[in-house]
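To start, the structure itself, in structure tokens.
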Amino acid sequence: MLGDSISAGYGIPVGHGWVALLQKRLSGKGYSYHVVNASISGDTSRSAGARLKNLLDDVHPDIAVVELGGNDGLRGLALEEIEKNLETIIEQLKNRNSRVLLIPMQLPPNYGPVYTSRFQEMYQRLGQAHDIKVGEFILEGIGDRPELMQSDGIHPITAAQQMMLDNIWPSLQPMLEQ
């Protein structure tokens, strides 16, 4: 798992994030996969990409879930830069024979309709260009419900973590069978 604070479990107790719940689900369903959560709060596509080579020297993932881009977009970085960074990450993972699940992020509407729509389109374009699976928005049905979000309005509470896993599962589960 390569992600930012959404996958690192920012603001919730350790072991209660959706990635930890994923490991429990995998084990409970008899899958032998071991989940390594290499997510860091505040990570951007550039910073995650910069540390990926060293990660891949230690870990050889069969499946890599990439949940990045939100912090880039919130900083208003050029979409071309974000896309290139994500592309580099995808290529590094595929070069190590990892199957990649790309989790798209979304931005608040105050970034303007052109930037936000182009931001969302970027994930589909990357999926098609690199023949990888693009999952669902991890905060679908969560981000627009204040009772499921921490006071910052960005990070989900502990009670939303299972919902996040449920949002990812339909895209991830078929990859487990390959």
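The values are calculated or read from the model by the stated rules, or taken from the named source; none is laboratory data. From a predicted model like this one, the values you see are computed outputs, not experimental measurements. All Cβ positions, even for glycine, are placed from backbone atoms using ideal geometry, and neighbour counts span all protein chains on display.
Structure data summary
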quantity	calculated
Residue in region 138-155 that is farthest from Glu83 (Cα to Cα), counting only those that are crowded, with 17+ Cβ neighbours inside 10 Å and within 14 Å of the chain's Cα centre (by Cα)	His155
Within region 133-148, tally of residues that are closer than 16 Å to Met105 by Cα and either free of Cβ contacts under 8 Å to residues at least 24 places away in the same chain or not aromatic (Phe, Trp, Tyr) (or both)	11
Ser32 vs. criteria at pLDDT 95 or above and not in a loop (DSSP other than H, G, I, E, B)	no
Whichever residue in region 1-36 is of a type in the set (S, T, N, Q) and farther than 22 Å from Pro104 by Cα and, among such residues, is surrounded by the most Cβ atoms within 10 Å (Cβ to Cβ)	Ser27
Condition check for Ser39: hydroxyl-bearing (Ser, Thr, Tyr) and either touching a residue at least 40 places away in the same chain (Cβ under 8 Å) or not in a loop (DSSP other than H, G, I, E, B) (or both)	no
Close pairs (9 angstrom Cβ cut-off, 6 or more residues apart or separate chains): farther than 30 Å from Gly153 by Cβ in region 53-76, charged (D, E, K, R) and assigned to a loop (DSSP other than H, G, I, E, B) anywhere	Leu56/Arg96; His60/Arg96; Pro61/Arg96
Criterion (more than 24 Å from Leu165 (Cα to Cα) and surrounded by fewer than 20 Cβ atoms within 10 Å (Cβ to Cβ)) met by exactly one of Lys133, Lys84	Lys84
Pick from region 55-81, criterion of a type in the set (Val, Ile, Thr) and buried (at least 21 other Cβ atoms within 10 Å of the Cβ), ranking: nearest to Leu22 (Cα to Cα)	Val65
Residue match in region 123-133 (condition: among the polar types (S, T, N, Q), over 13 Å from the mean Cα position of the chain (by Cα) and at pLDDT below 95)	no
Subset of region 48-95 that is charged (D, E, K, R) and part of a loop (DSSP other than H, G, I, E, B) - its residue that is farthest from Gly112 (Cα to Cα)	Asp62
Residue that is closer than 22 Å to Leu21 by Cα and outside any helix (DSSP H, G or I), where the choices are Ile168, Ile154	Ile154
